[in-house]
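The values are calculated or read from the model by the stated rules, or taken from the named source; none is laboratory data. Given the structure is predicted, the values throughout are model-derived calculations rather than measurements. Cβ: placed from backbone, ideal geometry, glycine included. Neighbour counts: every protein chain shown. Please note that ligands, DNA and RNA were not included when accessible areas were found on the heavy atoms of the full protein model with its side chains. Shrake-Rupley method; radii C 1.70, N 1.55, O 1.52, S 1.80 Å.
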Amino acid sequence: MGSSIEEFLEQCKQSGDAAYSAFRSVLEKLEDPSTRTDARIFLSRLQKRFDSPESSDQCFQTFHFRIQDIFLEQYEGYKGRKKLTMMVIPSIFIPEDWSFTFYEGLNRHPDSIFKDKTVAELGCGNGWITIAIAEKWSPLKVYGLDINPRAVKISWINLYLNALDENGQLIYDEEKKSLLDRVEFYESDLLGYCRDQGIMLERIVGCIPQILNPNPDAMTKMITENASEEFLYSLSNYCALQGFVEDQFGLGLIARAVEEGIAVIKPMGIMIFNMGGRPGQGVCKRLFERRGFHVNKLWQTKIIQAADTDISALVEIEKNSPHRFEFFMGLTGDKPICARTAWAYGMAGGRISHALSVYSCQLRQPTQFLKNGFQEISNSLDLSFEDDSIEDEKIPYLAYLASVLKENSFLPYEPPAGSRRFRNLISGFMKTYHHIPLNSNNVIVYPSRSVAIENALRLFSPQLAIVDEHLTRHLPRKWLTSLQIEQAATNQLSEDALTVIEAPHQSDLMMELIKKLKPRVVVTGLAHFEAVTSSAFEQLLDITREIGSRLFLDISDQFELSSLPSSNGVLKYLAGHHLPSHAAIICGLLKNQVYSDLEVAFIISEDDEIFRALSKTVELLEGNTSLISQNYYGCLLHELLSFQLADRHPLAERESDQEKPAEVIGFSNSAISVLDSAELSIDEVGNSSLIHMDVDQSFLPMPSPVKASVFESFARQNMAESESDVTTSIKQFVKSKYGFPTDGGTDFIYANNSLSLFNKLVHCCIQEDGTLCFPAGSNGNYVSAAKFVKANILTIPTQSEQGYKLTGKVLADALATVDKPWVYLSGPTINPTGLLYSNKEIEDILSVCAEFGAKVVIDTSFSGLEFNYESSSDWHLEESLKKLKSCGKPSFGVSLLGGLSFELLTGGLHAFGFLVLNQHAVVDALNSFPNLSKPHSTTKYAIKKLLALKEQNAGDLADAVVEHKMILGNRAKRLRETLQNCGWDVLQSSAGVSVVAKPSSYLGKTMKLKHQSKDGSSSDITVDPEVVINDSNIREAVLSTTGLCINGGAWTGIPGYCRFTIALEDSEFDRALDCILKFKNIVN
């Protein structure tokens, strides 16, 4: 060293800053191998200069530093050197009882705890614990992290003090490594350094302060090593609010450390923290448990509360809440006292203490949810479980959900038959566990078992069906109260009449009824004792085959999602025999331990015709089954399939059904007519990749608030009913958005989507012998659904001059010819044209409806994304509806139907529909059709959160809505220009996700159409002779030549006009435009 000890001390004497500057020069020499030895010898001489406790204290007061020994052999389980040599300066945290107790707790772990592990210590101060860990346990690497830059520099000096002996030579351990190989120090706000450097840790330790009165304005100054000593020292009492519920207990910083730790810790990693017991041991443990950790208390002692710590803030918390903090009278008191008593005792001169504990916490499973962008929901996260089986089910799903939400900006198109992944998992489970060689095209997914049964009955519309009494609860009341059995037996009933007879839940009695009544459809389950073998199932197959009945057998009660499923006679039979064409299996999945009432169901059929018909039926009547429900049960199936080893033996050949059944009932005439003519969504075949401009779904990126609300809804535990009650939020929404009256007589009904609610309204119309009136240019799926259930339908003409919008005059002419009219309107955004009804236009229409006593259904499901918007489009319905109600016919009423996927940008993630009714007669009629797929509480919780954000009209959700509108406006313009350049006449849209256009320059031209086989194989492509392009085949022409799916004039209801949806993923939209150009080139 160039300077003498006296010169060095003279510099240190000037101030703490001067002392730090002097030691920084020493560190530079320690870092240089050529001067390292001399620098270490200099520090040895400096320590010997102040080798007594008294002189060491004097040195700290006079020269602003202290070098002293920390003796290690006093700690339990000690091995290795007896002491560490450490220095401190006034601007860093000085080791005290907290850190010594913490090290005692670390020593309670076995020696393997840190051996060869990657470790980080948070708030390392002068680095003594970091160095002690490296010295005792030989980790692969220990990172000492501290927000105080001076602490980091002093820690490096201390590392050299202990890595080198007094003569400046390296000290090697048994593995021929020195402390310099094992330890590094860095400036870091908690785990920021590890996160930024991509360092994954196996152990995280921290002796982090608890702040009794967090200060919102703390930590606003820039942290540099040149900051004042006072400020830098205050960093050891880091006191900014952290934004966690634990802030109120002074545990906010520890909570943030835990959550940052989740993002960088490896699976099965361990965190060890020092915790003061003032908030109470329960609160301390809860901090870890609700974030998914198993907690083990390693060590606990008591320490005297520092005299300069003001606990009055804790007294205030106790005054305003039921919480009680824990203090003790002296070190010997064993009964806790509250903060108020402790404050009074301390003010009177008494000494108060509190517990100090060391907790070791291990992630239950690799549940690093917070690294997937859900930090904002951490206050509602609760991963503490009383039952391990619930934990085993919930945590893997949350991990899967978090990864799906992080990795996908949108959810891809899924066919109405159900998610391909989910159907593959069902068939995979059947194949792996029950040896039944099914594939995804044998499985159709439904929202619930009762919906599956009703859909099947509507598809076949049997004049007489027998249904197990356990399965009839949700069927329409009219089916169960019909007394027309005699006519059914003699086939004198019209096709519209459907009678259901309830049968006992016992196969022999069921079979007796089947023999006598000869029903066309049988829906039944098996009692548990009958399901053990296949005998009862085989008898049911035989008797239904003999009389020509369709059999739907429910196995919900016997089907187990288990790695060791119990014996099931039906599935044993199917392992050796094909399922006959007249039979299908129904299974409802409701047996989960975490989310009660979260249901999904499926039907298994090995008949291709039945599969296709059921798939189309569920699309018409239900739309799509909730992807969230499918994902949940899919996660359980995936876990089970991952658990099971692949069977090395091929599946046994199954016997085919040799006996053909008697002539069985086919699909109803109305079903055949609709399924053949309706332009429903097209599913991919083989390896084809279709572009879907034919579905009402947004594939634009979902904003982070949507993902966070969905994740939070599933992460919550013990959710109160009020937290998922959306009625107040929906009431506020429809009032502010449309001015729709919501007084005390208003009813709110919810479903998984608006389509299923619409279909219930159609049934109400049918029940009162009404006529459902659709303006030409309505959503084709809704029109087809009404036809499917045999509603009386009237199409009201619309004119091109008005943009195919309904006008009061045309409506009046139409209603004059109708008895008991029901009028369907899409608005303010009209689907599919993308035009808007103004407030005046809707008032004119409603006044005509009031005059004729029509019941009006206003469907707002496609509204919320208006990109060419004028204030005149705002609706204010309340006053006009009150006036019309008083002067119109008594039967007049307006129902508001809605879905929020466009309003809240939920895409396909959360399907939700609502119906607002002010007509008690319609409510009563709806209640007679009880089978409505209701949204789960998790869905309602998320919707409520998002509606609250929407009401604020600020933040990320509001910004995303603006961005989506800009994207759609730009897309509509680009699509219009492309279509016009390719010879289409385009109706300019202003809102929503649809554009309609007429292929004027193509009509009458000829081309060849290719048809691919249903299995997608290229060897089975057929080519038609040249066909003339017209309104009825333009959809097929575009599809077969380009792979672009659109809707034709039959769907839009506007002759010649096709529908294109524009809310595609960016690259898909570009591909769609290329397809339009490609079609032009092919035809020309």
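Annotations
- Residue list for segment 1-43, filter: of a type outside the set (D, E, K, R) and farther than 16 Å from residue 66 by Cα: 1, 2, 3, 4, 25, 30, 33, 34, 35, 37, 39, 41
- Checked against (1) in a strand (DSSP E or B); (2) open to solvent by less than 10 Å² (accessible area, probe 1.4 Å), residue 143 passes all but a single condition, namely (2).
- Segment 969-985, subset in contact with a strand residue (DSSP E or B) (Cβ under 8 Å, 6 or more places away or on another chain) and among the charged types (D, E, K, R), residue surrounded by the most Cβ atoms within 10 Å (Cβ to Cβ): 976
- Residue within segment 430-437 that is aromatic (Phe, Trp, Tyr), outside any loop (DSSP other than H, G, I, E, B) and over 22 Å from residue 908 (Cα atoms) present: yes
- Qualifying residues in segment 285-332 (those that are modelled with pLDDT of 75 or more and small (Gly, Ala, Ser)) - the one nearest to residue 714 (Cα to Cα): 312
- Scanning segment 119-135 for residues that are modelled with pLDDT of 90 or more and open to solvent by 20 Å² or more (accessible area, probe 1.4 Å) yields one hit, 135.
- In segment 1028-1072, the residues that are touching a Leu at 6+ places or on another chain (Cβ under 7 Å), of a type outside the set (Val, Ile, Thr) and part of a helix (DSSP H, G or I): 1036, 1037, 1040, 1072
- Residue satisfying all of: in segment 552-578; touching a residue at least 40 places away in the same chain (Cβ under 8 Å) and among the aliphatic types (A, V, I, L, M); nearest to residue 523 (Cα to Cα) among these: 570
- Residue list for segment 784-823, filter: open to solvent by 30 Å² or more (accessible area, probe 1.4 Å) and assigned to a helix (DSSP H, G or I): 787, 800, 801, 802, 809, 810, 813
- Residue count for segment 961-1007, restricted to those that are more than 25 Å from residue 1067 (Cβ to Cβ) and touching a Leu at 6+ places or on another chain (Cβ under 6 Å): 1.
- None of 932, 957, 975, 926 is touching a helix residue (DSSP H, G or I) at 6+ places or on another chain (Cβ under 9 Å) and at pLDDT 95 or above except 975.
- Some residue of segment 629-646 being modelled with pLDDT of 65 or more, assigned to a loop (DSSP other than H, G, I, E, B) and either farther than 30 Å from residue 1032 by Cα or touching a helix residue (DSSP H, G or I) at 6+ places or on another chain (Cβ under 7 Å) (or both): no
- Test result for residue 908, part of a loop (DSSP other than H, G, I, E, B) and open to solvent by 10 Å² or more (accessible area, probe 1.4 Å): yes
- Qualifying residues in segment 307-342 (those that are open to solvent by 50 Å² or more (accessible area, probe 1.4 Å), assigned to a loop (DSSP other than H, G, I, E, B) and aliphatic (A, V, I, L, M)) - the one nearest to residue 356 (Cα to Cα): 331
- Applying the criterion of being more than 40 Å from the chain's Cα centre (by Cα) and polar (S, T, N, Q) to the residues of segment 851-897, the residue that is most open to solvent (accessible area, probe 1.4 Å) is 886.
- Selection count, segment 143-186, where residues are under 22 Å from residue 20 (Cα atoms), touching a Phe, Trp or Tyr at 6+ places or on another chain (Cβ under 6 Å) and among the polar types (S, T, N, Q): 1
- Candidate set: segment 544-558, residues that are touching a strand residue (DSSP E or B) at 6+ places or on another chain (Cβ under 9 Å) and surrounded by fewer than 21 Cβ atoms within 10 Å (Cβ to Cβ); chosen: the one nearest to residue 463 (Cα to Cα): 545
- Filter pass, residue 585 being within 18 Å of residue 437 (Cβ to Cβ), without any contact (Cβ under 8 Å) to a residue 60 or more places away in the chain, out of contact with any Ser or Thr (no Cβ under 7 Å at 6 or more places or on another chain) and not acidic (Asp, Glu): yes
- Residue-level check: of (1) open to solvent by 10 Å² or more (accessible area, probe 1.4 Å); (2) part of a helix (DSSP H, G or I); (3) without any contact (Cβ under 8 Å) to a residue 24 or more places away in the chain; (4) in contact with a strand residue (DSSP E or B) (Cβ under 8 Å, 6 or more places away or on another chain), residue 47 misses just (3).
- The single residue among 740, 774, 733 that is open to solvent by less than 40 Å² (accessible area, probe 1.4 Å), aromatic (Phe, Trp, Tyr) and closer than 28 Å to residue 599 by Cβ turns out to be 733.
- Looking only at segment 30-41, and only at residues there that are touching a Lys or Arg at 6+ places or on another chain (Cβ under 8 Å) and of a type outside the set (D, E, K, R), the one that is farthest from residue 3 (Cα to Cα): 30
- In segment 421-447, the residues that are more than 19 Å from residue 599 (Cα to Cα) reach residues that are basic (Lys, Arg) and not in a strand (DSSP E or B) with C-beta atoms within less than 7 angstrom, at least six apart or across chains, in these pairs: 437/431; 438/431; 440/420; 440/423.
- Test set (1) within 23 Å of residue 1066 (Cβ to Cβ); (2) over 26 Å from the mean Cα position of the chain (by Cα); (3) open to solvent by 40 Å² or more (accessible area, probe 1.4 Å) - residue 704 fails condition number: (2)
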